[in-house]
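Q: Got a structure for you, questions after.
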Amino acid sequence: MSSLTKLELLRVGITGDELSCLVSSSAALEQVLLRDCSKVDCLRIPCHLERLSHLKVLRCSELRLIESRAPNLSSFQFKGNLKVRVSLGEALQVKNLLVNSTELICYTRAELVSSTPSREVCSKTTVLFMGLHKLILVKCN
């Protein structure tokens, strides 16, 4: 899987451990999309995925943790209704962030080192970003 650049999993019965193994062995990944993968409880993306720029996680009902250490992640989208902890590590390249949730209780945090961080707080969601071009937090009722 060393040449895989795009991974789209739609309604696939893969576990978090299996997914982490797959992602870790795909160093050329540029885009990841998970949609309606109900067995995924965690998504861990290691730092050696230097080409990963786009991550979309949509309606994965058992998901509790998204942890990305990919250094060049520029776009992150999440849609779900559960309590999910999101850590984007030191993703200094994140320019677009979309969090859409029926319960806006996910902890979205990027641990960015910056002399002038900007902070947005909405409900119980805290976002810390510098250089962010687009931030959308949506609470759907």
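A short reminder: the numbers here are calculations on the coordinates, not readings from a lab. What you see is a predicted model; the values in this text were computed from it and never measured. Heads up, the Cβs are rebuilt from the backbone with ideal geometry, glycines too, and the neighbour counts pull from every protein chain shown.
Q: Starting from the Cα of residue 2, step 7 Å along the direction of its Cβ; do the same at residue 77; then give the gap between the two resulting points in nm.
A: 3.2 nm
Q: For the ranges 16-27, 48-59, what's the packing order if you count other beta-carbon atoms within 10 Å of each residue, average per peptide, and put the highest first?
A: Values: 16-27: 16.6, 48-59: 18.2.
Those peptides, ordered most packed to least, come out 48-59, 16-27.
Q: Could you give log10 I(q)/I(0) at q = 0.10, 0.14 Å⁻¹ for segment 6-101, computed by the Debye formula over C-alpha point scatterers of equal weight, without solvent?
A: Result of the Debye calculation: -0.21, -0.42.
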